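The values are calculated or read from the model by the stated rules, or taken from the named source; none is laboratory data. Predicted model, so just to flag it, every value in this text is computed and none were measured. Here the Cβ positions follow ideal geometry from the backbone for every residue, glycine too, while neighbour counts run over all protein chains shown.
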Amino acid sequence: MLKKNVFGNLTRLSVFCTAPCIPQNLVSSFDCDMRVGSLIWEASENAEMYLVSAESTSGHRVELSTNTTSAQFSEFECGQSYYLTVQVVGNVCRSQPSNASVLQTEPCTPTSVFGFTDCISNIATVSWEPAEGAEYYTATVQGPNGPLGTCMSWLSSCGMPKLSCGETYNVSVIASSRQCNSTPSALSALNSVPCVPTGVSVVLDCATAEANVSWNASMGALNYVAYAWSRTFNFMSCESSGPVTHCTLNDLICGDNYTVQVIAVGDECSSLPSQAEHFRTVPCAPEVTATLDCYTDSVLLQWTPTDGSISYTANAETPKGLVSTCSSNSTNCELRGLACGQTYNVTMISYDGHCHSMPGTALAVASVPCPPEKVESNLLCSTNSAHVQWNLGAGAESYEVHAISTGGQMTRCDSTNTSCVMPNLVCGSIYNISVLAIGHQCNVSRSEITTLHSGW
């Protein structure tokens, strides 16, 4: 722009624009039903538009622009304090941000709502996670026949009156501030104490030595646990899931008396124990000892009686399927007719008039060795000795070879295989040669006699 100065000369003038004024008198509000925040302010001169910013204490930030003197926000997070500021945008410059107006959003909806019952007092407690922005809470319990009641708390739990056993209730919680209420929480099931199981019975399975426990269904039960303990303080349990009303107790101590009770397990509580039932487990198998009779091909078995047993049976079997058995109502019996050169696995079973025991620990018993067969001897003239060989005698650990002449001279050789050299033979004699099989316990298995003529 040109203008004459005091001397009449033309001079160029510069025009400067000042920054727009900072917006004043910000007023914020929050619509609890719509969940919408609003802000109004006084208009600023030379404003072309306004930039509105909202930032929460947790760092959530929302911005918008408008050419009016109001703004609305629907993106606010629950339970937060938002600080709202406005800047004026002019033709060239923008103002500094205004002083903040503080807006409080509605409380957050309570989460993790659940109810549980004090298993002793049967008083229900509703609890939840604290909600942002909440000043107090109201919990409502709905029963099968309508609302049961409400409770209020400044904390994160409150109590309800006694409930009937085996019922299911629905619980919801609302968080409140001076200004707003939250939306109700999701419904959560509240299960009262399950009812005590009835009709408990126990059936012992003799074949598996397990006890099958059954009972009537209980209202409010999610599953069941049967507890058993013996007079020797052996404790065990079994569980059933869902509506199943039976389970099996295994690993029971043999020959013992047990007491069993069943409890119903609910969401938070278990019922009181059922009426006790009693049962006796299968008898124990005795620990057996064996004495081999080398001359009769038999084994004498002996054992200590087990509690409740009235009879016993021993079973001996080889890997090849040879079997021998004996029974007794005392504490011993004899296995007879054992085959030579075999290892028998001996197991004992006892009987109490109702069940047989499980087989006891197997005891390995070796029978007498078999006599060596096909004994052959060959004279070694240059050394006055003889080479003797034979077929293997099953069960033998070593062998003794005996040579007796008609004149009474005797010589021998020992071996752990199937041959040996007989030394010191007297020339011109006739020898009777036999081979003796030596076992772990017995050395009575002798071969047939063969004859050897020594040289002249």
Scanning the range 99-121 residue by residue, those over 16 Å from residue 160 (Cβ atoms), surrounded by 23 or more Cβ atoms within 10 Å (Cβ to Cβ) and among the polar types (S, T, N, Q) turn out to be 105
Looking at (1) exposed (fewer than 13 other Cβ atoms within 10 Å of the Cβ); (2) at pLDDT 90 or above, find the lone condition where residue 15 falls short. (2)
Condition check: within 30 Å of residue 440 (Cα to Cα), at pLDDT 95 or above and among the hydrophobic types (A, V, I, L, M, F, W, C). Does residue 300 satisfy that? yes
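Scan the range 326-362 for residues that are part of a strand (DSSP E or B) and touching a Lys or Arg at 6+ places or on another chain (Cβ under 8 Å) and report the count.
Just the residues of the range 326-362 that are part of a strand (DSSP E or B), to begin with: 326-328, 332-335, 343-351, 356.
Keeping just the survivors that are touching a Lys or Arg at 6+ places or on another chain (Cβ under 8 Å) gives 326.
Total satisfying the criteria: 1.
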Tell me yes or no: at least one residue of the range 427-442 is hydrophobic (A, V, I, L, M, F, W, C), over 27 Å from residue 316 (Cα atoms) and surrounded by 15 or more Cβ atoms within 10 Å (Cβ to Cβ). yes
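Could you list all residues from the range 224-269 that are among the β-branched types (Val, Ile, Thr) and either farther than 22 Å from residue 355 by Cα or more than 19 Å from the chain's Cα centre (by Cα) (or both)?
Filtering the range 224-269 for residues among the β-branched types (Val, Ile, Thr) gives 225, 232, 244-245, 248, 253, 259-260, 262-263, 265.
225, 232, 244, 245, 253, 259, 260, 262, 263, 265, listed by residue number.
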With the first residue restricted to the range 138-153 and required to be part of a strand (DSSP E or B), and the second required to be among the basic types (Lys, Arg) and surrounded by 13 or more Cβ atoms within 10 Å (Cβ to Cβ), Cβ contacts under 8 Å at 6 or more apart or on different chains are none
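Anything in the range 419-433 that is polar (S, T, N, Q) and not in a loop (DSSP other than H, G, I, E, B)? List them, or say none. Let's see the steps before the verdict.
Of the residues in the range 419-433, the ones polar (S, T, N, Q) are 419, 424, 429, 432.
Once the filter is applied, which keeps residues that are polar (S, T, N, Q) and not in a loop (DSSP other than H, G, I, E, B), the range 419-433 yields 419, 432.
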Taking residue 172 and the conditions (1) surrounded by fewer than 20 Cβ atoms within 10 Å (Cβ to Cβ); (2) touching a residue at least 24 places away in the same chain (Cβ under 8 Å); (3) within 15 Å of residue 131 (Cβ to Cβ), which numbered condition does it fall short on, given that it satisfies the others? (1)
Flagged pairs (Cβ under 8 angstrom, 6 or more apart or on separate chains; first in the range 394-407, under 21 Å from residue 440 (Cβ atoms); second of a type in the set (Phe, Trp, Tyr) and assigned to a strand (DSSP E or B)) are 399/390
